[in-house]
Amino acid sequence: AALGLALTVLSQPATANETLKRSVEEALAKTPSKAKLGVRFETLEGKVLYERDSQVPLTPASNMKLLTTTTALARLGPDFQHETRLVLAGGRQSGKVHTGDMWLIGGGDPTLSFRFDKAPLLGSVVTAFRAAGIKKVEGGLVVDARVFDEVRLHPSWEASDAEHWYGAEVSGLVLNDNCLDVTVKGGPVATMEPFTEYVRLLLEAKSTPERNKHNFSILRTESDKRTISIRGKVWTKSTGLTRSIPVPDPAAFYAVVLRGRLGMSGIEVTGRIRKAGAEEAAPEGFTLWRRTAPLLRTLGVINQRSHNLYAECVFKTLGRLDPQGKGAELKRQGSWPRGAEVVTRFLCSDLGLPAAEVTVSDGSGLSRDNLASPRALCRVLRAALSGPNAEHFAASMARPGEEGTLKRRLKTLPEGVSVRAKTGTLTGVSALSGVIERGKERVVFSLLINGPGASRRHLDPILLAAANALR
């Protein structure tokens, strides 16, 4: 039989465990003395190889995404797909004219963006109109994002988060990560993608021939958050810098961009844009356009790129489930409290996590109200990597040197040893949890540090020390 990692540990426990303990504790000695630290390494079968304060719940930052994605695979299933539809309601089609409203119905899909779709966005909607021969809609555009509630920013997120792409508002309709990509280059010249009248782009920056004075800001400046101001100085030879700026009320943004995109293609919508009423029934009309987004693709963005909006859309989708049920029937309106209810029940009832070791507030880890112990995170990883969806979960995680949050980390792993992991970072918080692999053998780990001086530079050496010891 091959002498794999687990066999080495089990057949020579004293030597292997002592080596691991010595190596890890040498790295731990270099961590900040005032910070709280939790560490755990255990085999996929549950044998603890090393632990330090691993039952103490700490702020996990984006390691929270491991809990969200594990629950999603178990409760929604790997075949689940988010769906968005454009429905022609009422009225009738007379030649090239549809007399009636059209409904844009969101299903919580976060993926309609340049990450997966060619420019210009929503080109497939134009194609659908042309295929149907419709050149004019004599009605309005009704926006239905009621799949989620209207609380678009989590109450415990920091106010400053909303000014950055990673704190974009969460909605049942998502376009381009609910952001505008603003590009500024020499001239100065400013452009936005997708182009829309939804926001006002205000170029106040001045040109400078001096490269060392090239310094400008791109900010939302008005109370309605629909004015983006560019201020400062732009070097005349600048080839361009692009920043993603979040938009307010993403469902309305989606609708304005859609109507504009149709207009530029010669398809007129004569009526106004309005939101579906709280009790208004969605139409049963003709579905002109449908877009589906596989859950597995979404999970890859969550765990590899650590994208908060994607995680929160999945989290609120989980909130649509019956928390006590086992199926994937979506009956409720998704919200943060309902998502927390479903995830908590899965973790504590299905996986048996101690309730004292996990507190679920959001799906991404941006909230500091979240808590998880390294022991709980390892238990989740063991379940995810040994259950029926193990392959899918492993494929969703980042690997050193590849696309994602580990691209520039853990470059000195020993030969024959690989790592899949999830990072986590907030001010005063750093986290790294995942699995060490050698052949077919796996050891899960969770490293959390909270407090003054907490940094990934303290966690990577701990993991590298363990990987070398387990080699």
Q | Odd one out for GLY434 among (1) closer than 13 Å to ALA61 by Cα; (2) buried (at least 22 other Cβ atoms within 10 Å of the Cβ) | A | (1)
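Condition check ((1) open to solvent by 10 Å² or more (accessible area, probe 1.4 Å); (2) over 17 Å from the mean Cα position of the chain (by Cα); (3) under 21 Å from TYR310 (Cα atoms)) across all residues:
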| position | (1), (2), (3) |
| --- | --- |
| PHE129 | no, yes, no |
| ALA132 | yes, yes, no |
| ARG146 | yes, yes, yes |
| HIS154 | yes, no, yes |
| ALA159 | yes, yes, yes |
| GLY167 | no, no, yes |
| VAL174 | no, no, yes |
| CYS179 | no, no, yes |
Q.
Only one of ALA282, ALA293, ALA328, ALA276 is among the aliphatic types (A, V, I, L, M) and touching a Ser or Thr at 6+ places or on another chain (Cβ under 6 Å). Can you tell me which?
A. ALA293
Q. Any idea how many residues of segment 200-259 are part of a strand (DSSP E or B) and either touching a Gly at 6+ places or on another chain (Cβ under 7 Å) or of a type outside the set (Gly, Ala, Ser) (or both)?
A. 25
Q) Which of the residues spanning segment 390-426 are touching a helix residue (DSSP H, G or I) at 6+ places or on another chain (Cβ under 7 Å), of a type in the set (D, E, K, R), open to solvent by 10 Å² or more (accessible area, probe 1.4 Å) and not in a loop (DSSP other than H, G, I, E, B)? A) ARG420
Q | Subset of segment 96-106 (residues that are part of a loop (DSSP other than H, G, I, E, B) and open to solvent by 20 Å² or more (accessible area, probe 1.4 Å)) | A | LYS96, ASP101
(Q) So, in segment 52-95, how many residues would count as being touching a residue at least 24 places away in the same chain (Cβ under 8 Å), part of a strand (DSSP E or B) and not hydrophobic (A, V, I, L, M, F, W, C)? (A) 7
(Q) Considering only residues that are closer than 18 Å to ALA119 by Cβ and either in contact with a Pro (Cβ under 9 Å, 6 or more places away or on another chain) or open to solvent by 40 Å² or more (accessible area, probe 1.4 Å) (or both), which ones fall in segment 260-292? (A) GLY260, ARG261, GLY263, MET264
(Q) Suppose we keep only residues that are open to solvent by 40 Å² or more (accessible area, probe 1.4 Å) and touching a residue at least 24 places away in the same chain (Cβ under 8 Å) within segment 293-324. Which one would you say is farthest from the chain's Cα centre (by Cα)? (A) ARG320
Q | Evaluation of ARG457 against (1) free of Cβ contacts under 8 Å to residues at least 24 places away in the same chain; (2) part of a loop (DSSP other than H, G, I, E, B); (3) open to solvent by 10 Å² or more (accessible area, probe 1.4 Å) (one fails), failing number | A | (2)
Q: Only one of these is open to solvent by less than 60 Å² (accessible area, probe 1.4 Å) and among the charged types (D, E, K, R): ARG92, ARG75. Name it.
A: ARG75
Q) Which one of GLY260, GLY285 is modelled with pLDDT of 95 or more and not hydrophobic (A, V, I, L, M, F, W, C)? A) GLY260
Q: For segment 152-166, state whether one or more residues are assigned to a helix (DSSP H, G or I) and acidic (Asp, Glu).
A: yes
Q) Residue check: is LEU448 in contact with a helix residue (DSSP H, G or I) (Cβ under 7 Å, 6 or more places away or on another chain) and buried (at least 24 other Cβ atoms within 10 Å of the Cβ)? A) yes
Q. Based on what the data block shows, is ALA119 more than 15 Å from TYR310 (Cβ to Cβ), touching a Leu at 6+ places or on another chain (Cβ under 8 Å) and open to solvent by 10 Å² or more (accessible area, probe 1.4 Å)?
A. no
Q.
Among the residues of segment 325-338, what is the count of those that are in contact (Cβ under 8 Å) with a residue 12 or more places away in the chain and either touching a strand residue (DSSP E or B) at 6+ places or on another chain (Cβ under 6 Å) or over 19 Å from ALA383 (Cβ atoms) (or both)?
A. 8
Q | Output for segment 114-131, where each listed residue is assigned to a loop (DSSP other than H, G, I, E, B) and either of a type in the set (A, V, I, L, M, F, W, C) or modelled with pLDDT of 95 or more (or both) | A | PHE114, PHE116, ALA119, LEU121, LEU122
Q: Would you point out the residue of segment 341-376, among those that are in a loop (DSSP other than H, G, I, E, B) and polar (S, T, N, Q), that is farthest from THR423 (Cα to Cα)?
A: SER361
(Q) Based on this model, can you work out whether THR317 counts as among the β-branched types (Val, Ile, Thr), out of contact with any Pro (no Cβ under 8 Å at 6 or more places or on another chain) and not in a helix (DSSP H, G or I)? (A) no
Q) Do you know which of the residues in segment 92-113 that are among the small types (Gly, Ala, Ser) and more than 39 Å from the chain's Cα centre (by Cα) is farthest from LYS331 (Cα to Cα)? A) GLY95
Q. If you scan segment 212-248, which residues turn out to be under 30 Å from GLY107 (Cβ atoms) and either open to solvent by 30 Å² or more (accessible area, probe 1.4 Å) or more than 26 Å from the chain's Cα centre (by Cα) (or both)?
A. ARG220, ASP224, LYS225, ARG226, THR242, ARG243, SER244
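The values are calculated or read from the model by the stated rules, or taken from the named source; none is laboratory data. All values derive from a computational prediction rather than experimental measurement. Cβ: placed from backbone, ideal geometry, glycine included. Neighbour counts: every protein chain shown. Ligands, DNA and RNA are stripped out before the accessible areas are found, and what is left, the full protein with its side chains, is counted by its heavy atoms. Shrake-Rupley method; radii C 1.70, N 1.55, O 1.52, S 1.80 Å.
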